[in-house]
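Data block below; observations after.
Rule-based calculations on the coordinates, nothing more; no lab input. Bear in mind that the values here come from a model prediction, so they are computed numbers and not experimental data. With ideal geometry, Cβ positions are generated from the backbone for all residues, glycine too; neighbour counts draw on all protein chains shown.
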Amino acid sequence: MLRAEAIVAGYNHTPMVHDVTLEVPPGQVVALLGPNGSGKTTFLRTLARTLQPFAGARWLEQHPYEAYSPTEFARLVAYASQETPAEMGFTVAELVMMGRYPHQKGFGSASRADWQAVHHAMAQAGISHLAQRTISQLSGGERQRVNLARALAQHARYLLLDEPTAHLDLHHQTQLMHMLQHHARQQGVGVLVVLHDLNLASQYADWIALMHRGRLVAQGAPETVLEPTLLEQVYQTPVLCQTNPLTGKPLVFALSPNSTPTTAPDAPHAFVIAGGGAGAVVYYALMTAGWRISTGVLNLLDTDEEVARALRLTHITEQPFSPIGDDAYQRAQQLAQTADALVIAETPFGWGNLRNLELAAWAQTQGKPVYALATIPIEKRDFTQGAATQLWSALLDNGMRTANSLSALISLLQAQAPPAVTVESSQES
């Protein structure tokens, strides 16, 4: 195992990394994440032994780094930096061969095994067709893959990779990360990779370490670290986290605060009944049309709850996977009573959230107009043996108006908006 203990490192006597402890086990991909300037590259350089830490210990296979000569270390640890090789007339194949130096007896003594390793590494990195080109003939992404191939040719037990997906298109990013994951598992190689793409890390890393301002603020499985509140604190932007339906891993979407619609304090207020991901599109459409939005009751971890929090909407929540309790229901009543209208999104209804329809029926008794988006019949969203359908019918009998599109829903609401308020979009450019 490669292990760093309480590492403090930096430049010109100024620490950039503070008290970082991290392990890279054989056979696993560890992704090192964090904003620009968080210390990722500095920390990686200390593990690559190109930068001496101010304090802390570094262990390799249960021995301190200092126990290894440079050649012995290079047989165990390969490092691919962000810097591209200098133009010195070498071909790609010759540059990749440089990764074989720890296994050679002298310069120019390349064996058949060395060339086999070089050709295999180039194939892994997808650059076999570039073997006879020079660096000046390569794009930025191709140069990154040359760095990677040189590290792979080293046949080390640990790979330290600094942003290997930089300058690569989507296809080559996923291809590269899939290769690294397969290489780690099949060869028992430990991989520590610095990434900026949180979704690549989520899908391909076994373990994620998140750095912020030189410190390790979280580490664990992707679903543990890629948590909205933590990510918003670290990256200083609202995020939405959903689940990849194919892998079950988190998907992270950044929401720019500058592109979020804003509304005036005296704009009309709509209380949205949502859940199960059906409310997000309704929130945004209403906000763009100039409405102030509140919403509930939503379970924590529900997509609509995450969107409401990311958009900084007032919302009422309940514990994950729990039915709506009395306290949450009463708080939702208080909030709905301040609204100019209630809007029901196309959410499915089960016994756990049926009280949201009861809330709409109660709001009607308080004189609140109720509107619903209804492109999907309630019968197809009713998982209560008909109880939700009965409530829906009662809502219709008491004046609930339905719309078969978002634009039609907005038109209905605009027609009923309080006359003293001018409704207009205040979306910032």
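Results, tabulated for the structure shown:
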| quantity | calculated |
| --- | --- |
| The range 31-47 versus the range 263-293: alpha-carbon centroid distance in Å | 40 Å |
| Per-selection Rg to Rh, the chain - Cα, Kirkwood hydrodynamic radius | 1.13 |
| Lys, Arg +1 and Asp, Glu -1 on Cβ, resulting dipole of the chain about Cα centre, debye, nearest 20 | 1220 debye |
| Neighbourhood net charge (14 Å Cβ-Cβ; Lys/Arg +1, Asp/Glu -1) for Gln82 | +2 |
| Projected label distance in nm at Gln337 and Ala67, using a 7 Å step from Cα toward the beta-carbon | 7.1 nm |
| In Hz, Karplus ³J(HN,Hα) per residue of the range 209-226 (6.51, -1.76, 1.60; θ = phi - 60°; x = Gly, Pro) | 10, 10, 10, 8, 6, x, 10, 7, 9, 6, 8, x, 5, x, 5, 8, 7, 7 |
| Cα-based equivalent ellipsoid of the range 318-387: semi-axis lengths in Å, sorted from largest, via gyration tensor | 19, 17, 9 |
| Given the chain, longest segment not containing exposed loop chymotrypsin sites (Phe, Trp or Tyr not before Pro) (DSSP; at most 11 other Cβ within 10 Å) | 108-320 |
| Separation in nanometres of the label points that stand 7 Å from Cα toward Cβ, at His178 and Ser322 | 4.2 nm |
| Spatially proximal lysines relative to Lys40 (Cα-Cα < 28 Å; intrachain offsets below 8 disregarded) | Lys249 |
| Relative exposure of Ile324, Ile273, Ile135, judged by other C-beta atoms within 10 Å (fewest first) | Ile135, Ile324, Ile273 |
| The range 1-157, Rg to Rh (Cα coordinates; Rh as Kirkwood inverse mean 1/r) | 0.99 |
| Estimated 222 nm signal from helices in the chain, with DSSP H stretches of n ≥ 4 weighted -39500 (n - 2.57), rounded to 500 | -10000 deg cm²/dmol |
| Cα extents of the range 274-429 along the three principal axes, largest first (Å) | 42, 34, 27 |
| Rounded Å value of the spacing that divides the Cα centres of the range 59-138 and the range 199-238 | 31 Å |
